[in-house]
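> Provided herewith is a single structure, encoded as structure tokens, for subsequent inquiry.
The values are calculated or read from the model by the stated rules, or taken from the named source; none is laboratory data. If you're wondering where the values come from, they're calculated on a predicted model, not measured in any experiment. Quick reminder, even Gly has a Cβ in these numbers, built from the backbone with ideal geometry, and neighbours come from all protein chains shown. Just so you know, the surface numbers come from the protein's heavy atoms only, side chains and all, with ligands and any DNA or RNA stripped out. Shrake-Rupley method; radii C 1.70, N 1.55, O 1.52, S 1.80 Å.
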Amino acid sequence: LQAHHDAGAARALCSLGITLHHQGSLTEAAAKLREALDLQAAPELATDRAWTMHALAAVERDRARLGEALDLLTRSLVLHREGGSVHGEAWAHFQLGQLNLRRGDVPAAEADLNRALDLYGRTRDERGAAWALTQLARARMIAGDPAPAVEGLRAAAARHRANEDARGEAWTVYYLGLALEETGDLDSSVRELERSRSLFSRMRDVYGLAC
């Protein structure tokens, strides 16, 4: 009974932590997610714990605590494999890809993101696949190759729209604006950046608006 109560309380804390992250309240988000982890210490809650680790790793990445984020994702990947969660494993590789992009290691990022894309395909997770395509296109931009990045980001944005994933579309359009700026197409760049701002505003995503 206690484990059932802890599981419910932890899920509520995790949901709150993710919302705070989207609002840009990183310190408070991390605190709520760590509270959730404390409640998920029981072995039978290992799967829930792995998903909370994902959420906390994303916050720590955005707080520039990259070593902590890497440790959390590495441990979550082990838990997902032990639990046989292909979907969880996909998300872990996706976030490791994002983290490697943050560290500037494009080959490692592309390896993780392609692994995530393969796993999303197995679970038929169209939203996850679209996010992986967004980050793979970003990898091209970070590698100094903006033309294929623009092409990839346009395709990914269309996938997010088809999936009715407003947050995915907003971030992809934002990255598209940056990539277009790199190609010298400033008019299109401004147009896409303004469109991303409108999408973030509609979702009240303070973190996105701050970029």
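> Determine if the stretch 96-113 includes at least one residue that is among the polar types (S, T, N, Q), open to solvent by less than 50 Å² (accessible area, probe 1.4 Å), under 12 Å from the mean Cα position of the chain (by Cα) and at pLDDT below 95.
Yes, the conditions are met somewhere in the stretch 96-113.
> Quick check on the stretch 75-82. Is at least one of its residues of a type in the set (S, T, N, Q), closer than 14 Å to Cys14 by Cα, in a helix (DSSP H, G or I) and in contact with a helix residue (DSSP H, G or I) (Cβ under 6 Å, 6 or more places away or on another chain)?
The answer is no; no qualifying residue exists.
> While we're here: Against the definition (closer than 23 Å to Asn100 by Cβ, basic (Lys, Arg) and free of Cβ contacts under 8 Å to residues at least 60 places away in the same chain), how does Arg159 come out, yes or no?
yes
> Can you pull out every residue in the stretch 19-42 that is farther than 21 Å from Glu89 by Cβ and not in a helix (DSSP H, G or I)?
Residues satisfying the conditions are Gln23, Gly24, Ser25, Ala41, Ala42.
> So is Ala31 within 21 Å of Asp112 (Cβ to Cβ) and of a type outside the set (Lys, Arg) or not?
no
> Oh, and also: When you look at Ser198, is it of a type in the set (Gly, Ala, Ser), over 18 Å from the mean Cα position of the chain (by Cα) and modelled with pLDDT under 95, yes or no? Quick ask: steps written out before the conclusion?
Values: of a type in the set (Gly, Ala, Ser): yes; over 18 Å from the mean Cα position of the chain (by Cα): yes; modelled with pLDDT under 95: yes.
When the stated conditions are applied, Ser198 passes them.
> Looking at the stretch 120-134, can you tell me whether even one residue there is of a type outside the set (Ser, Thr, Tyr), under 16 Å from the mean Cα position of the chain (by Cα), under 29 Å from Val86 (Cα atoms) and not in a helix (DSSP H, G or I)? Lay out the reasoning, then the answer.
Step one: list which residues in the stretch 120-134 are of a type outside the set (Ser, Thr, Tyr), which gives 121-122, 124-133.
Next cut, under 16 Å from the mean Cα position of the chain (by Cα) only: 125-133.
Subset that is under 29 Å from Val86 (Cα atoms): 125-133.
Checking which are not in a helix (DSSP H, G or I) leaves us with 125.
Yes - at least one qualifying residue is present in the stretch 120-134.
> Between a first residue in the stretch 94-117 that is closer than 16 Å to Leu70 by Cα and of a type outside the set (Ser, Thr, Tyr) and a second residue that is at pLDDT 95 or above and not in a helix (DSSP H, G or I), which pairs have beta carbons less than 8 Å apart while being 6 or more apart in sequence or on different chains?
Listed by first residue and then by second, the contacts come to Val106/Ala143.
> Further question: Hey, can you tell me all the residues within the stretch 43-74 that are exposed (fewer than 15 other Cβ atoms within 10 Å of the Cβ), in a helix (DSSP H, G or I) and either among the aromatic types (Phe, Trp, Tyr) or free of Cβ contacts under 8 Å to residues at least 40 places away in the same chain (or both)?
Selection gives Pro43, Gly67, Asp71, Thr74.
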